[in-house]
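Asker: Let me give you the structure first, and then I'll get to my questions.
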Amino acid sequence: KPLVFSGIQPTGNLHLGNYLGAIQKFVALQDTQDCIFCVVDLHALTAQLVQEDLAQQTREIAAAYLAAGIDPKRHIVFNQAAVPGHSELAWIFNCVARIGWMTRMTQFKDKAGKDRENASLGLLAYPSLMAADILLYRATHVPVGDDQKQHLELTRDIATKFNHDFSARIEAKGLGVPMAMGDETVNGYFPLAEPLIEGPATRVMSLKDGSKKMSKSDPSDLSRINLTDDDETIAKKIRKAKTDPDALPSEPAGLAGRPEADNLVGIYAALSGRSKADILTEFGGRPFSEFKPALADLAVDKLAPIAGDMRRVLSDPAEIDRTLKDGAERARALADRTLADVKSILGLLG
Ligand code: ATP
Ligand code: MG
């Protein structure tokens with residue numbers, strides 16, 4: 001049965017990339033799919049152990065989910081640390097995954113920087129916890145930005161190795177379903193979760209550098225549009241966004257080799273639900289001095305109501321905590337079933 005799972009880390013200000021790459025897609029999927037949306041607070045510890053106010057950051061991500069329109073009654077909204085199964089399954093996956101799989105990850109290389117020996121062990125094992133997040137619910141579809149594609153592949157590698165190594169026991173216990181894996185068919189317990197990465201803004205780039213993705217953790221605030229920026233700040237950041245001096249091309253092929261232009265056109269397309277080609281039919285031949293104000297108006301139209309709703313939701317932190325707790329209880333019930341199966345497959349008592 002299809003099940004959608006995704007998460008966002010409480011590592012700082014939510015930005016337009018998180019909105020277009022993740023949250024906007026969550027909202028669209030909830031109409032047709034069963035969904036679990038998590039605030040992955042344990043992941044936040046990988047980059048920085050001592051956090052300014054992790055509890056508040058966690059509530060802010062939850063508030064963004066709710067403000068964007070996710071229905072926590074029909075779906076599950078919770079924070080990762082409230083369901084211990086994430087950590088338990090991650091440990092088991094640490095023993096399934098190989099060290100080489102982890103050191104190959106580009107996010108690890110980027111975030112660890114030059115002093116890799118000094119990065120936290122958690123940062124290296126991050127994809128193993130992410131695989132546990134998804135597979136604890138045996139989720140089948142994971143809406144994410146393009147930057148998470150590699151981690152989703154690793155999730156499938158973990159599921160494949162687990163299914164393969166334990167195929168006989170999975171079959172003996174009647175816990176699996178036949179799955180095609182390469183040339184052979186094995187009795188698989190974990191599904192091979194598919195990433196959902198589509199549309200014109202799967203990788204929103206920094207407004208200051210068209211070669212870097214927009215990130216919560218980028219030290220420059222001008223590099224991103226935060227969901228909570230006011231109208232003037234949004235307009236200012238778009239006005240100051242790096243561009244080349246040429247006018248906009250009249251078709252998408254003309255965006256090749258112009259990463260900043262491509263980025264802004266992609267943002268416009270995703271915010272308006274139109275294609276890049278359609279946007280360029282309208283704006284082709286016009287200078288950025290005309291395109292940027294139109295983009296700023298559109299961004300304000302889309303984001304201001306969400307920011308307003310976020311403030312309203314955040315004014316009642318106790319209610320957010322109740323929503324998260326209710327979601328965690330429902331998540332735990334699902335997680336406990338998976339963990340019981342996994343322990344029985346491995347031969348772990350208890
Ligand atoms: P950090 O810098 O702390 O890693 P982040 O901005 O990358 O923060 P995450 O919590 O790691 O945010 O990711 C949450 C979701 O947002 C993921 O699905 C991720 O792929 C997506 N996402 C993050 N940045 C972008 C971006 N620039 N464009 C599109 N999607 C993005
Ligand atoms: Mg990230």
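Asker: Taking the stretch 220-248, which residues are touching a Gly at 6+ places or on another chain (Cβ under 6 Å) and surrounded by fewer than 20 Cβ atoms within 10 Å (Cβ to Cβ)?
Answerer: Of everything in the stretch 220-248, just one residue is touching a Gly at 6+ places or on another chain (Cβ under 6 Å) and surrounded by fewer than 20 Cβ atoms within 10 Å (Cβ to Cβ), namely A247.
Asker: Does any residue in the stretch 199-222 that is closer than 20 Å to I23 by Cα and among the β-branched types (V, I, T) come within less than 6 Å, Cβ to Cβ, of a residue that is assigned to a loop (DSSP other than H, G, I, E, B) and near ligand 1 (Cβ under 8 Å from one of its atoms) six or more places away or on a different chain, and which pairs are these?
Answerer: T202/G145; V204/M214
Asker: Then there's this: What's the total number of residues in the stretch 174-200 that are assigned to a loop (DSSP other than H, G, I, E, B), at pLDDT 95 or above and under 18 Å from D157 (Cβ atoms)?
Answerer: Matching residues across the stretch 174-200 total 6.
Asker: When you go through A159, A132 one by one, which is the residue that is under 15 Å from L89 (Cβ atoms), among the small types (G, A, S), in the same structural domain as Q24 (by TED's automatic domain parsing) and touching a residue at least 40 places away in the same chain (Cβ under 8 Å)?
Answerer: Sole residue among the options that is under 15 Å from L89 (Cβ atoms), among the small types (G, A, S), in the same structural domain as Q24 (by TED's automatic domain parsing) and touching a residue at least 40 places away in the same chain (Cβ under 8 Å): A132.
Asker: If you take the residues of the stretch 137-154 that are in contact with a Phe, Trp or Tyr (Cβ under 7 Å, 6 or more places away or on another chain) and either among the β-branched types (V, I, T) or assigned to a helix (DSSP H, G or I) (or both), which of them is farthest from ligand 1 (Cβ to nearest atom)?
Answerer: L154
Asker: Looking at (1) surrounded by fewer than 19 Cβ atoms within 10 Å (Cβ to Cβ); (2) under 15 Å from the mean Cα position of the chain (by Cα); (3) closer than 25 Å to P317 by Cβ, which one does F78 not meet, given that it meets all the others?
Answerer: (1)
Asker: Is there any pair with a first residue in the stretch 112-128 that is free of Cβ contacts under 8 Å to residues at least 12 places away in the same chain and a second that is part of a loop (DSSP other than H, G, I, E, B) and loosely packed, with under 15 Cβ neighbours inside 10 Å whose Cβ atoms are under 8 Å apart and which are 6 or more apart or on different chains, and what are they?
Answerer: As it stands, the answer is A119/G113, since those pairs meet every condition given.
Asker: Determine if the stretch 123-136 includes at least one residue that is part of a loop (DSSP other than H, G, I, E, B), more than 23 Å from G100 (Cβ to Cβ), within 22 Å of the chain's Cα centre (by Cα) and not polar (S, T, N, Q).
Answerer: yes
Asker: Turning to a different aspect of this structure: Are any residues in the stretch 89-103 in contact (Cβ under 8 Å) with a residue 40 or more places away in the chain and assigned to a loop (DSSP other than H, G, I, E, B), and if so, which ones?
Answerer: Listed by number, the list holds a single entry, A97.
Asker: Now for a separate question. Quick one: T243 ticks every box in (1) in a loop (DSSP other than H, G, I, E, B); (2) in contact with a helix residue (DSSP H, G or I) (Cβ under 8 Å, 6 or more places away or on another chain); (3) within 16 Å of ligand 1 (Cβ to nearest atom) bar one, so which box is it?
Answerer: (3)
Residues are listed down the side, and each one gets a yes or a no for (1) within 16 Å of K302 (Cα to Cα); (2) in a helix (DSSP H, G or I); (3) modelled with pLDDT under 95:
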{"site": "Q24", "(1), (2), (3)": "yes, yes, no"}
{"site": "V27", "(1), (2), (3)": "yes, yes, no"}
{"site": "D31", "(1), (2), (3)": "no, no, no"}
{"site": "F37", "(1), (2), (3)": "no, no, no"}
{"site": "A44", "(1), (2), (3)": "no, yes, no"}
{"site": "T58", "(1), (2), (3)": "no, yes, no"}
{"site": "I61", "(1), (2), (3)": "no, yes, no"}
{"site": "Y65", "(1), (2), (3)": "yes, yes, no"}
{"site": "D71", "(1), (2), (3)": "no, no, no"}
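Asker: In the stretch 201-222, which residues are near ligand 1 (Cβ under 10 Å from one of its atoms) and not in a loop (DSSP other than H, G, I, E, B)?
Answerer: Scanning the stretch 201-222 gives M205, K213.
Asker: Of everything in the stretch 18-57 that's within 15 Å of ligand 2 (Cβ to nearest atom) and without any contact (Cβ under 8 Å) to a residue 60 or more places away in the chain, which residue is nearest to the chain's Cα centre (by Cα)?
Answerer: Among them, the one singled out is I23.
Asker: Search the stretch 1-17 for residues being out of contact with any Gly (no Cβ under 8 Å at 6 or more places or on another chain) and either assigned to a helix (DSSP H, G or I) or basic (K, R) (or both), and hand back the single one that is nearest to ligand 2 (Cβ to nearest atom).
Answerer: The residue in question is L16.
Asker: To continue, here is another question. Does any residue of the stretch 61-80 turn out to be within 16 Å of ligand 2 (Cβ to nearest atom) and within 24 Å of I267 (Cα to Cα)?
Answerer: Looking for residues that are within 16 Å of ligand 2 (Cβ to nearest atom) and within 24 Å of I267 (Cα to Cα), one finds at least one in the stretch 61-80, hence yes.
Asker: Among what's in the stretch 1-52 and is within 14 Å of A270 (Cα to Cα) and among the small types (G, A, S), pick the residue that is surrounded by the most Cβ atoms within 10 Å (Cβ to Cβ).
Answerer: My answer is G21.
Asker: Inside the stretch 255-275, can you point out the residues that are under 19 Å from S211 (Cβ atoms) and in a helix (DSSP H, G or I)?
Answerer: L255, P259, E260, A261, D262, N263, L264, V265, G266, I267
The values are calculated or read from the model by the stated rules, or taken from the named source; none is laboratory data. Since the structure is predicted, the reported quantities are computational estimates derived from the model, not experimental observations. Because the Cβ atoms are built from the backbone with ideal geometry, glycine has one as well, and the counts that use them run over all protein chains shown.
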